[in-house]
Structures are given as structure tokens and as C-alpha cells.
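Worksheet: one structure, shown below.
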């Protein structure tokens, strides 16, 4: 029996799902409000790192077009600004990679079209979903825009925050020298904020993404509000001043004369992300089921870079379930949820845990940081588990589990 699937939204989740379904001969139409050619002049969409598990799915889909040997990174440097600063490093078992989504998404859109997928380029609203659901066997919504989020019930147990937890200042920069090993730097300034430095491929080659996660009400919150266009030099001077004080392991590699946004204000995002976890399916007034995927299902703060990776995982699970059945009923939804939920909800819980505890620094979390800084083996495991948030949450889900993890590596170090 032939199946006709409709996907609303052409982000990573929608495209990974669409490409997988086309790989298995399923008829797919994606609705998008952006054409591939629209991306070049658009504002920076995000700063997304794809971990090796996601890159493996891209290879399986034959859209791994950016070599990790040339563009990837190999681990994490960590800097913790305690009275005696901590500096340490953790390896990944396989490289991760960050590509500007203004490059990435058009390439995947092109591949989808070449493989027989169809695009409809128009704005879809929640009022259109009932009509679309009558035209296709299954409707999948992959974007939180246009009020789609209101269709899916919030799951309160996985949504502890009612407002954004960080004031964000995110940009693509030049004038920052690479560290000895090409790697992410995760810098923590207790009481002020966090920063993630990500080697990123953009239109003119490699650059540096800085994701500044500033505590609301703290000294660094101003970075989310000062406008680059009003006075670029003043913005850069302020930013450099704050980096020197709070994130020196990155600031020490900056050439002040060359430091700037790569292509001006289009390479800067400022704002905040309200974390939310929603149920993965909803029923329309006509009785049809709509499946949520990507940001409409789970929106996480970018602190740990989990959003696109968990969306890609969920897309693969959904794709496999669509290929394996022709009946899209309540039991189909149960199968999808049972398979995709653990990774998605664990990535959400781990991110929310870190948002809270990096600000409050309870004793067990301080002990974790101390042990992590002293054990390269533990730092390697922690770093590689960015691929596997369910494994990470096995450690962070209770103070007893966290202390047992620390004790294991303390004993190994003592031995």
C-alpha cells in the first residue's frame, strides 16, 4: 500500500525524516516558508553542532557533504573560573562537526528534491492542518512557528521552567585563533554565565561560533541587549572586555584588531529560549492525528547543543515506524513514543539540570566538577556522552548516582 506523508517545516528534523522516507520509496511532501535560495541573505539561524551519531545518520542518508577531517572537531576543552581556575580536556571517540545551517539546509533541500521529494513553498498555519490532514495519510509538524506549539500539550514533569533561563548572545566571529586541538571550549563563569566556543564552517570557510549563555540579572546579561549595528566598535569592545574577565581561555586567543562578526549583524542572534517539552502527538478537530517532531516537541536551551541531535534521532525513529506500517493509529503513536522518548526526554532533563546547577552550584555538583577536572578518563566519558544524553542522564538523575560516578573515578585515580 502506497503512503503519502506531509511534513510541515524544513529544518533538520523535517529534512532528515523526508530524506529517510524517500530512501525507502515513500511519497513525501514538505511544506516550507523558505526556498533554498532565501538562506544566503538571511540572519544566522542557530549555532548547531552535529555529534558523531548524527553524522552517521547523514552518511546513511548520503548527505554527509562536509568532511569531519577538514571541518570537524575532536573533543572539549573545559574552563571553570573558580578562585583557582580549572582547565582540562576530554576526547570524543569520533569527531563532531558544526556547519552554518544557511549552508546545511539548502544542500539537504536540494538532495530531497533530487530524490523525488516535493516541496510546497508557502506559509502554513494551524488553521490549515485539518485540510492537509485530509489530503495525506500522516501529517508531521516540525516547527514551533505559526502557533503550532499550542496544538501539543505541555508535559509538566519535563518542563520545570516557565521562562527562559539564559539571556543569549550568539554569533559567528573571526579573529580567534584555534586551540592546539580543534575542539569546542566550554567555559563556565560561576554567577555570571557560560560560553561555548564551536569551530564552525560558514560561507567563507572555518570561523568560530560563540554561544554566550548569560545569567539573567547578572553582569553579562547586557550582551543580549547591546546592538551591534548601533556602534559595532562599542559592541566588540564591550564583548572583548567581558570575555577577558569571564572566559579568558578563549579571550587569550583573540586578536583584538581582527575580532569581529564574520559578515556583520546577520551573523548575530540575541534573545532567549523558553525550554518546553510537549506531548509528541495531538488530535485535530476532525479526528486526525498529527505527529510533533523537532522543536515543536522539545525546545531546549542551546547550552549543551542537544536540540538538532535529538531531533535527528527522533526523525529516524519516526521514519522507521512509518516505513514499517500502513496504519497510523494510536498504537502507531505508542510505538513511536516508546522508541524516541528516552533520548529526547533525557537530553531535555540533562540540559535543564545543567541550567539550574551551573547557576546554583550545589555541593554534589561542585564535587562532580572537581572530580571531572582530575580524571581524564571521566572527562573523556562525559565528553563522548554528548552523543548519548540518556547515558549522561543515568549519572545526573540523582545526587546518589552522581556521587557514585565520582567515587568510581576517584577510586581509579587513587589506584
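The values are calculated or read from the model by the stated rules, or taken from the named source; none is laboratory data. Note that the structure is predicted; figures quoted are calculated from it, not measured. Please note: Cβ atoms are built from the backbone with ideal geometry, for glycine as well, and neighbour counts cover all protein chains shown.
Given the structure, is residue 116 within 30 Å of residue 210 (Cα to Cα) and in the same structural domain as residue 33 (by TED's automatic domain parsing)?
The answer is no for residue 116.
Pull up the stretch 335-369, narrow it to residues that are more than 20 Å from residue 303 (Cα to Cα) and under 25 Å from the mean Cα position of the chain (by Cα), then point me to the one that is surrounded by the fewest Cβ atoms within 10 Å (Cβ to Cβ).
Once the filter is applied, the top-ranked residue is 338.
Within the stretch 16-33, count every residue that is touching a strand residue (DSSP E or B) at 6+ places or on another chain (Cβ under 9 Å) and loosely packed, with under 15 Cβ neighbours inside 10 Å.
0
Every residue, every condition in (1) farther than 24 Å from residue 228 by Cα; (2) in contact with a helix residue (DSSP H, G or I) (Cβ under 8 Å, 6 or more places away or on another chain), yes or no:
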{"site": "147", "(1), (2)": "yes, yes"}
{"site": "164", "(1), (2)": "no, no"}
{"site": "179", "(1), (2)": "yes, no"}
{"site": "184", "(1), (2)": "yes, no"}
{"site": "195", "(1), (2)": "no, yes"}
{"site": "200", "(1), (2)": "no, no"}
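Condition check: outside any helix (DSSP H, G or I), within 19 Å of the chain's Cα centre (by Cα) and within 21 Å of residue 301 (Cβ to Cβ). Does residue 47 satisfy that?
yes
For residue 189, indicate whether it is closer than 29 Å to residue 274 by Cα, touching a residue at least 60 places away in the same chain (Cβ under 8 Å) and more than 21 Å from the chain's Cα centre (by Cα).
Answer is yes for this residue.
Quick check: anything in the stretch 306-327 in a loop (DSSP other than H, G, I, E, B) and either more than 25 Å from residue 8 (Cβ to Cβ) or in contact with a strand residue (DSSP E or B) (Cβ under 6 Å, 6 or more places away or on another chain) (or both)?
No: the stretch 306-327 contains no residue that is in a loop (DSSP other than H, G, I, E, B) and either more than 25 Å from residue 8 (Cβ to Cβ) or in contact with a strand residue (DSSP E or B) (Cβ under 6 Å, 6 or more places away or on another chain) (or both).
Could you please give the count of residues in the stretch 371-401 that are outside any loop (DSSP other than H, G, I, E, B) and in contact with a helix residue (DSSP H, G or I) (Cβ under 8 Å, 6 or more places away or on another chain)?
21
May I ask you to list the residues in the stretch 207-222 that are touching a helix residue (DSSP H, G or I) at 6+ places or on another chain (Cβ under 7 Å), within 21 Å of residue 254 (Cα to Cα) and part of a strand (DSSP E or B)?
Correct list: 211, 212, 213, 214.
Of (1) at pLDDT 95 or above; (2) out of contact with any helix residue (DSSP H, G or I) (no Cβ under 8 Å at 6 or more places or on another chain); (3) in a loop (DSSP other than H, G, I, E, B), residue 132 satisfies all except one. Which?
Only one criterion is unmet by residue 132, namely (3).
Identify all residues within the stretch 245-273 that are outside any strand (DSSP E or B), in contact with a strand residue (DSSP E or B) (Cβ under 7 Å, 6 or more places away or on another chain) and either surrounded by fewer than 21 Cβ atoms within 10 Å (Cβ to Cβ) or not assigned by TED's automatic domain parsing to the domain that holds residue 214 (or both); write none if there are none.
If the condition is that a residue be outside any strand (DSSP E or B), in contact with a strand residue (DSSP E or B) (Cβ under 7 Å, 6 or more places away or on another chain) and either surrounded by fewer than 21 Cβ atoms within 10 Å (Cβ to Cβ) or not assigned by TED's automatic domain parsing to the domain that holds residue 214 (or both), then 249, 253, 258, 259, 272, 273 are the ones that fit.
Exactly one of these conditions fails for residue 62: (1) buried (at least 18 other Cβ atoms within 10 Å of the Cβ); (2) touching a helix residue (DSSP H, G or I) at 6+ places or on another chain (Cβ under 8 Å); (3) not in a helix (DSSP H, G or I). Give me its number.
All conditions pass for residue 62, except number (1).
Identify, please: which residue in the stretch 149-162 is touching a helix residue (DSSP H, G or I) at 6+ places or on another chain (Cβ under 8 Å) and in a loop (DSSP other than H, G, I, E, B) and is, among those, surrounded by the most Cβ atoms within 10 Å (Cβ to Cβ)?
152
Hey, can you tell me all the residues within the stretch 102-129 that are at pLDDT below 95, surrounded by fewer than 14 Cβ atoms within 10 Å (Cβ to Cβ) and in a helix (DSSP H, G or I)?
127
In the stretch 274-288, which residues are touching a residue at least 12 places away in the same chain (Cβ under 8 Å) and either in a loop (DSSP other than H, G, I, E, B) or surrounded by fewer than 18 Cβ atoms within 10 Å (Cβ to Cβ) (or both)?
Scanning the stretch 274-288 gives 274, 275, 279, 280, 284, 285, 286, 288.
With respect to the numbered conditions (1) outside any loop (DSSP other than H, G, I, E, B); (2) out of contact with any helix residue (DSSP H, G or I) (no Cβ under 6 Å at 6 or more places or on another chain); (3) in contact (Cβ under 8 Å) with a residue 12 or more places away in the chain, which one is the sole condition not fulfilled by residue 88?
Failing condition for residue 88: (2).
Restricted to the stretch 315-331, and to residues that are over 26 Å from the mean Cα position of the chain (by Cα) and in contact (Cβ under 8 Å) with a residue 24 or more places away in the chain, which residue is farthest from residue 301 (Cα to Cα)?
The qualifying residue farthest from residue 301 (Cα to Cα) is 326.
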